[in-house]
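Worksheet: one structure, shown below.
The values are calculated or read from the model by the stated rules, or taken from the named source; none is laboratory data. Remember, predicted model here, so these are calculated numbers, not experimental data. Cβ: placed from backbone, ideal geometry, glycine included. Neighbour counts: every protein chain shown. These accessible areas exclude ligands, DNA and RNA; they are computed on the full protein's heavy atoms, side chains included. Shrake-Rupley method; radii C 1.70, N 1.55, O 1.52, S 1.80 Å.
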Amino acid sequence: MKAILTTGALLCAMTAFAQVPQLNRNNIDEVLKAMTLEEKITLVVGANRYVGDENGPGPAPGMPERKSVDMSGLVEQPKSDGVTAFSSGRVKGAAGDVVPVERLGITTMVLADGPAGLRIDAVRPGDDNTYFCTAFPIGSLLSASWDTGLVERVTAAMGNEVLEYGADVLLAPAMNIHRNPLCGRNFEYYSEDPLLAGKIAAAYVRGVQGNGVGTSVKHFAANSQETLRNGQNASVSERALREIYLKGFEIVVKEAQPWTIMSSYNKINGVLSSENRWLLTDVLRGEWGFKGFVMTDWWAEENGARQIAAGNDMLMPGTPHQYDDILDAVQSGRLDIRFLDDCVRRILQVMVESPTFKRYAYSNKPDLAAHAQVTREAAAQGMVLLKNESALPLVRKSKVALFGVPSYDTMVGGSGSGYVNRAYKVTVDAGLEAAGFRLDKQLAESYRDYVKHEKAKQPAEYFWIIPTVQETLISREVAQAAAKRNEVCVYSIGRMAGEGGDRTLTPGDWYLSETEQANIDLLCETFHKAGKKVIVLLNMGNIVDMGWSDQPDAILHTWMDGQEAGNSVADILAGKVSPSGKLPMTIAKSYEDYSSAKDFPMSNGNPGDVNYDEDIFVGYRHFDRHPETILYPFGFGLSYTDFAYSDLKAEREGDELKISVKVTNTGKRPGREAVQIYVGAPAGNAVKPVKELRAFGKTSELKPGASEVLTMTVKLADLRWFDAYEQAWKLDAGEYVISAAASSRDIRQNVTVTL
Ligand code: GLC
């Protein structure tokens, strides 16, 4: 009898087990059917709910590191909801984890920041290994390169670190429009123009995802400021949304199919993005064909039931309240379970592609040396030479009087989730010395002592706060002595920036501080009197007031270059690489000239509700109508050589325009040229910008006298404007002016096409 029972018991156990499907890419609906309600909610609410941060939403500046789900390895969670849940917690410092449902073979997923490189804990208690990641250049530098091939190479390396350190999704690229120069996160974002932003983001996604890991394109959408970001309402016309604030996301979704999208904290026309079904389902999926899943931004803990119903599939990082709320919503009928099933299905469809699901045996040993070389080369390709009156490149081994705190404590990246736990940083002074320049010893020693002394008084840098050292006033005798001893003067102006706050219209932020201005006055006076040049380096992720730009002989925007910064700057100053970056945003003569100036928080008195009354006329779309207010135009950047454009052709082929233009290096040094194609559309019955960027390309390095023909394609559909009244994209008949340009204000050739 006993034998029969045992066999019987075995059979029924096997049958039971046989009925429990184990997830694979072909049985997702079967697994979905087998899931209990609790298991479904377990998948959509992040693992942080196990350590529950009861403080509610909104990471405030200075907030300590997220209480990491401290469970090294697979650790059984408290069976708080009747489900044996495991959460990896295996990648310390990752921003979020998906709670697996082990019974059905549903694994965890590890979601980690950020746009300038993977952000995970590099040093871990009780672990002799280190997990440093490469700090790559910030977003604005990548777009300033106008080189999608370069961006793919950078993010191929970045994505390799995501893979080899055991993460599944990189929470990047960040691509909100530079609506106003004071937005605190502009350094992570790409441009005032949606085409440049979209194409750079698409290249970024291709590079990362080529490693078999995912991305999370963020922050969808209209997260154009940091002030009151968790609830701030952007009042935007549908035309401006479609043509400007959503267009970049549309391009990246259609061209690169990111695994995930991150919805933004803010409201759009009164509706929170994470609860906005028009945005997340009708447009993103219905119109653009997005196939991945949507996660909230962190602690966007709003109404979970409404978020799920809108098509926001995952609530990160997860709180106990969200779990309980969704359970109650389904059981009370407040949330139709079919919405929840859709979310679970989309998460599973992505999960089965992830390295964790495929049990990828990650090494924890990516090739950091190779990646350091990638970032060194990339940073040099994005720097923008704004002015050069026969000052650069420097003669080899020049004697350099290097001034400015940022020259010695160089800013290589911003703060917040976009920070990277890197192993080192090469500062400008170190890079210049390594390149063979002879730095003024007295100056270098006094700056290095000062920086060391000041830093000793500051808290250690960590992701949320990067303390900076106050600039010092240069004395006349020091400047005069240095002018005698050296051949050239280099002075750095630096600005830190970060998530969680916008910049201010104050000296030391948007404006130079009194000290910075006095230093520039003094250095230009003393070095010019000695017949020597003054070069200013802008070490910042964004821009500052440039009222002083007529004083120095050269200005190089070096952005924030990642960990090899000093070497990248030296490669440019030494002429090893010709600068080829071009501005991805306009630098106006004054802040008030920006079309959003009167309607940006802290300047409109009502930071909670910002009216985008400039509508589509943001950036060069505005400045083309007010060219007298431009100091340095969108798309502008000098080289160490010169380029001529010729043979511009534009032919219609079916529903595309084939455009080609020949670029010739007419100067004396090798260099690369970023070419912009703008199109001016016939007025039709809409108010339109003078012209809009519709394509761009960058030559390879051309030797003096060499030429290259760049060919670009523009879909006719991309020439349309959005008619909100008729809810349709319109291609007006008439004459279109196609311009090949070196910048938005330097049109080299025009041709017309009639459509
Ligand atoms: C942050 C940011 C987002 C980041 C996330 C995880 O608050 O807004 O960009 O990826 O939280 O750190």
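Brief remarks follow.
- Per residue, in Å², the accessible surface of the range 643-754 once ligands and nucleic acids are set aside, probe 1.4 Å: 46 Å²
- Charged-residue dipole, Cβ positions (Lys, Arg, Asp, Glu), the range 295-406 about Cα centre, Debye nearest 20: 1020 debye
- As a calculated quantity, the FRET efficiency between Asp609 and Leu716 at R0 = 35 Å, using C-beta atoms, amounts to about 0.40.
- Net charge of neighbours whose Cβ lies under 11 Å from the Cβ of Lys589, counting Lys and Arg as +1 and Asp and Glu as -1: -4
- Per residue, the accessible area of the range 376-588 comes to 35 Å² when a 1.4 Å probe rolls over the protein heavy atoms.
- Every Cα-Cα pair of the chain was included, and the share exceeding 41 Å stands at 33 percent.
- DSSP bridge pairs, the chain: antiparallel proportion in percent, nearest 5: 60 percent
- Neighbours of Lys365 by Cβ distance under 12 Å: Lys/Arg scored +1, Asp/Glu scored -1, total -3.
- Spin-label model, Ser390/Thr504: points 7 Å from Cα along the beta carbon direction are separated by 4.5 nm.
- Listed residues Gly413, Ala479, Tyr462: farthest to the positive end of the dipole of the range 376-588 (Cβ charges): Ala479
- Approximating the spin labels as points 7 Å out from Cα along Cα→Cβ, the Ala434-to-Ser332 distance works out to 6.0 nm.
- Computed lengthening from Ala706 to Tyr462, 0.36 nm per intervening residue step minus Cα-Cα distance: 83.1 nm
- All lysines inside 26 Å of Lys532 as judged from Cα atoms, apart from same-chain residues fewer than 8 positions distant: Lys387, Lys397, Lys399, Lys441, Lys484, Lys576, Lys668
- Each peptide in 291-299, 617-625, 637-645, 187-195 receives the mean, over its residues, of other Cβ atoms within 10 Å, and ordering these scores from highest gives 187-195, 291-299, 617-625, 637-645.
- Tensor-based shape of the range 364-460 (alpha-carbon gyration tensor, a/c under 1.5 rounded, otherwise prolate or oblate): oblate
- Bridging of Lys662 to aspartates and glutamates at a Cα separation below 18 Å is possible for Asp147, Asp642, Asp647, Glu651, Glu673, Glu701, Glu708, Asp746, once same-chain residues fewer than 8 apart are set aside.
- Burial order of peptide ranges 166-177, 739-750, 310-321, 438-449 (average beta-carbon count within 10 Å, highest first): 166-177, 310-321, 739-750, 438-449
- Two-site FRET efficiency, Gln551 against His626, from Cβ-Cβ distance with R₀ of 30 Å, rounded to 0.05: 0.75
- Span from the the range 634-695 Cα centroid across to the the range 394-461 one, whole angstrom: 38 Å
- A straight Cα-to-Cα reach below 25 Å connects Lys247 with the lysines Lys199, Lys218, Lys267, Lys291, Lys582, Lys598, Lys658, Lys688, Lys691, Lys698, Lys715, Lys730, residues fewer than 8 places away in its own chain not being considered.
- Each Lys or Arg adds one and each Asp or Glu subtracts one; over the other residues with Cβ under 10 Å from the Cβ of Glu353, this totals +1.
- Modelled FRET efficiency - R0 22 Å, Lys658 with Ala683, Cβ distances, 0.05 increments: 0.30
- Report note on the peptides 663-671, 251-259: ranked by the mean count of other C-beta atoms within 10 Å, highest first, their order is 251-259, 663-671.
- Accessible surface of the chain, 1.4 Å probe, proportion on carbon and sulfur as whole %: 53 percent
- Overall form of the range 457-566 per C-alpha gyration tensor (a/c, 1.5; a/b vs b/c): prolate
- Remark: the Cα gyration tensor places the range 376-588 in the rounded category, a/c being less than 1.5.
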